[in-house]
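The block underneath contains the structure these notes are about, expressed in structure tokens.
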Amino acid sequence: MNEPVRNQPRQPSCVAASPTELKPSNLNADQSLRAVASLGDPVRKRLFQLVRDSAHALSRDDCAATLGLPRSTIRAHLDRLVEEKLLVVQFRKIGERTGPGSGRPTKLYTADQREVSASVPPRHYDLAAGLLASAVQRSIDNGSDIAQSLAQVAFEEGHRRGAAAGNIHRLLAETGYSPEPDGVGGTIMRNCPFDRLAKDHNQVVCSLNGALLGGALAGCADADHDLAPDAEVSHCCARLVPKGKR
């Protein structure tokens, strides 16, 4: 019988917390593959993330200034993102002047609110599926409780990934959590890699997530942070806090 994992860091009691629901994509398989491929270009991916994360529509000049790139380069990448149906265009006059003589409307860009699987934001449903399958198999093999098995396999996988990454913030970025400083010494995770699953199976997926992150902290040998719940609906269900400040 497999021995349970010892000395697991305390896991957060996760609550439902994932990014705003996106409308189901109506892209066909070919369009989805083209869209994902278009984001393989690092400049184009940065540009898409900039527009997607902006609170308002952006112009070409806005994008060029923020990314520090020539306007001609930005224009070409924006056109490609529109062509692949990842961005949409709107025309609006900027400033207070209206009516005749106020100038032509500015071409603005916003993200098309349809999730493209395996693109941005990053999702890792294959990881969740693999952990769930391993947990079921372990439960069958040794007769353990399925929840205990899931905590064990998720912790072990997190530990493996943490040891490979060597740094918890690097691991969070690589796994698609979109980590950002919270301004008080901790780290929020703006993206849930298991978003759709968490909406339908909150308790199971958040428990998996807590064990995975707990294992990652242990694997990184990180003695500076703890996990804590994050109830902000636009974030992952967990956050990093300085040790002893839960």
**Asked** Just for the range 54-82: of the residues that are in contact (Cβ under 8 Å) with a residue 40 or more places away in the chain and under 13 Å from Asp41 (Cβ atoms), which one is most open to solvent (accessible area, probe 1.4 Å)?
**Response** Arg80
**Prompt:** (1) over 30 Å from Arg46 (Cα atoms); (2) in a helix (DSSP H, G or I); (3) in contact (Cβ under 8 Å) with a residue 12 or more places away in the chain; (4) of a type outside the set (A, V, I, L, M, F, W, C): which one isn't true of Gly158, the others all being true?
**Reply:** (1)
**Item:** Checking Ala163 against (1) surrounded by fewer than 18 Cβ atoms within 10 Å (Cβ to Cβ); (2) at pLDDT below 95, the condition it does not meet
**Value:** (2)
**Request:** Give me a count of the residues in the range 203-246 that are within 17 Å of Pro181 (Cβ to Cβ) and open to solvent by 40 Å² or more (accessible area, probe 1.4 Å).
**Result:** 6
**Message:** Criterion first (touching a Lys or Arg at 6+ places or on another chain (Cβ under 9 Å), of a type in the set (Val, Ile, Thr), under 21 Å from His124 (Cα atoms) and in a helix (DSSP H, G or I)) does Val153 satisfy it?
**Reply:** yes
**Asked** So which residues in the range 179-202 are of a type in the set (D, E, K, R) and either surrounded by 18 or more Cβ atoms within 10 Å (Cβ to Cβ) or in a helix (DSSP H, G or I) (or both), if there are any at all?
**Response** Asp195, Arg196, Lys199, Asp200
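The values are calculated or read from the model by the stated rules, or taken from the named source; none is laboratory data. This structure is a prediction, so every number in the text was calculated from the model and none was measured. Heads up, the Cβs are rebuilt from the backbone with ideal geometry, glycines too, and the neighbour counts pull from every protein chain shown. For accessibility, only protein heavy atoms count, side chains too; no ligands or nucleic acids. Shrake-Rupley method; radii C 1.70, N 1.55, O 1.52, S 1.80 Å.
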